[in-house]
Amino acid sequence: MQSVKNQTSLQAKISGLELGRFRLKNCVNEADMHTAYELMIASHLSKQNGWCSQHLVKLGDGAFLDIAFALTEDHAKTICASWRNQPVCDAFLALIEPESMEFGTIL
């Protein structure tokens, strides 16, 4: 288990945040979305400069939040822009109806 000191040190290094809210398109199986999401992270997003971690949250109303952490807000924006024309990203995006995307800085 990571010590509190090490965890605090890591958090101090991470300041970029991308928050995307989406819903699945009609007739899309949630398991298929999870498979596409994990593949996108493993084969593309996690290899981008400044990427730290990414998490999927299911809300009570059926919407999802994709929360990505990066070293800086600029890294988060660059990583998000890297989705364009990436087959694994396109496969994930084909399954969802994006509602919003926000960028921010962790204080």
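Give me, ordered by chain and number, the residues 5 or more places off Ile96 or on other chains with an amide H under 5 Å from its own placed amide H.
Lys25
Counting pairs of alpha carbon atoms under 8 Å apart in space and at least six apart in sequence, what relative contact order in percent does the range 17-65 give?
With pairs under 8 Å counted, the relative contact order is 49 percent.
Each value in this text was obtained by applying a stated rule to the coordinates, not by laboratory testing. Everything numeric here is computed off the predicted structure, so don't read it as measured data.
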